[in-house]
Every structure is written in C-alpha cells, then in structure tokens.
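Reviewing the structure listed below.
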Amino acid sequence: MTNLTLPLSLPALVITGFLVSFATVVIPGPITLVATRLGLAHRLGAAFWFLLGATLLDGLLFAALAAGAGPSLARLGALPAVEIAGGLVLLWGGLSSARHRPSREPQPNWTSNSRPRFRYLLLGMGVSLANPHYWLWWVTAGLAFVEAARTYGEPGLLWMLGALIGGVVCWYAPLLYALHHGKTLLSPKTEALVVRVLAVVLVILGLGLVGLGGYRLGLRWGLPG
C-alpha cells in the first residue's frame, strides 16, 4: 500500500475539521432538539450533562479510531471508499439542511427533575448511539479526518481531536447560554439563513472529499492521475 499525504497542511486540516464539526451539529438534529427540550422544560444543568455525555462519546470514538480502527481500514485499502462515502454523507447533510424550515412547536413538559446527573450523561450517549447518522458520520467523514491527522503524528491527532470537539463546543456553549435565558438560540429567519450558509459549506466540503477519494481510488487502480 502506498502512503499518500493529503494535500492539506495541518492548519488547513484542523480548520476544515472544525468547520465540518461545527456545521454538522448546528444543523438541527436529535442532540440539539433533545438538549433544547431538556433546557427549556427542566433546567440548564440537565441540558449541560446531556450534551457532555454526547461530547464524551465523540472523544471515545475518536480515541478508538486513532488507536486501531482507522489503520485497520486503511490496511484493507478501504480509505478511498471511506472518503467517498464521507463526502456523500456531507453532501446529503448539506442538501437536506438546505430544505430545512425552522420550527417553533411547543415542547413537551418533561417533569422528572430529580434524575441524577449521570442519567442525563447516559441519555446524551444513548441518543447519539441510537442515531444512525451519527455512526455513519464517524465511520466515514470522521474516520477520514482521523487518518488525515495521523500523517502528522500524535500532535496532528491531538489538534484534530481539539478541532472536532471544539466545533461541537462552539455550538453547544451558545445553545446552553440561550437555554439559560429561557429561549431558543436563533430567530426563525436567522436560523434559516445560518442553515443555508452551512448547507453550502457542507456541499463544498462533501464534493472535495468525494473528489479526493475518487483520485486516490484511481491511483490504487492504476488509472492515470
């Protein structure tokens, strides 16, 4: 197997990882929706521990891929296919979010405020684990980022972990702030604009990842490149 260096410097790779991570959590999904309901129907602490559980799971999956899952797939020659699949996931997310319309439906009144913190922590992990798109992202686009960062050694992996977690935190922090004030983070008009912009970002990054995977796959098959 020929080792190829991705055509991105470490700073560019870290910035790209941060933007993709941020864009994928900003687009409304199960984690954001459940956290919003917990924060509005309960208290800020419930949403905080829920989001912490989801973020801890991100770190665990990253560590698992960095420790062995990613290289195993690379040795089997699966990395180009992973890049292509990851790009398709980002394209799907971008095109789907472009059709998103903000909703301000009344939230259910969840009343069990006496749950211990660890239950909210486990709930955050459970909602992530039950989301097929979450798994698909980590074994496609997420794995591609881990493998790209691996070419820069341990510092590259640490920077990438920080970038992916940082993108998540940069959304969760203002979300928690908004919930603390008893309101949603964005107005319907602003949310629609932000989602459309991020949809374009996801489509561009998805096309780039598909193109890179196709290029690497062509080299593997001996096609002129």
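The values are calculated or read from the model by the stated rules, or taken from the named source; none is laboratory data. No experiment lies behind these values; they were computed from the predicted model shown. No Cβ is skipped: glycine too gets one built from the backbone with ideal geometry, and neighbour counts run over all protein chains shown. Accessible surface is based on the protein model in full, side chains and every heavy atom, while ligands, DNA and RNA are left aside. Shrake-Rupley method; radii C 1.70, N 1.55, O 1.52, S 1.80 Å.
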Counting only protein heavy atoms and leaving out ligands, DNA and RNA, the solvent-accessible surface of ARG196 at a 1.4 Å probe, in Å² to the nearest 10, equals 120
Each label sits 7 Å from Cα toward the beta-carbon; between LEU219 and ARG117 the label points are separated, in nm, by 4.8
Label model pair LEU56, LEU44: point-to-point distance (7 angstrom along the Cα→beta-carbon line) in nm is 2.1
Extend 7 Å from the Cα of ALA69 along its Cα-to-C-beta direction; within the range 122-144, residues with backbone N under 14 Å of that point are 128-144
Length gained, ILE204-LEU95, 0.36 nm per residue minus C-alpha separation, equals 38.2 nm
Pseudo-spin-label distance VAL197 to ALA173, built 7 Å along Cα→Cβ, given in nm, is 1.8
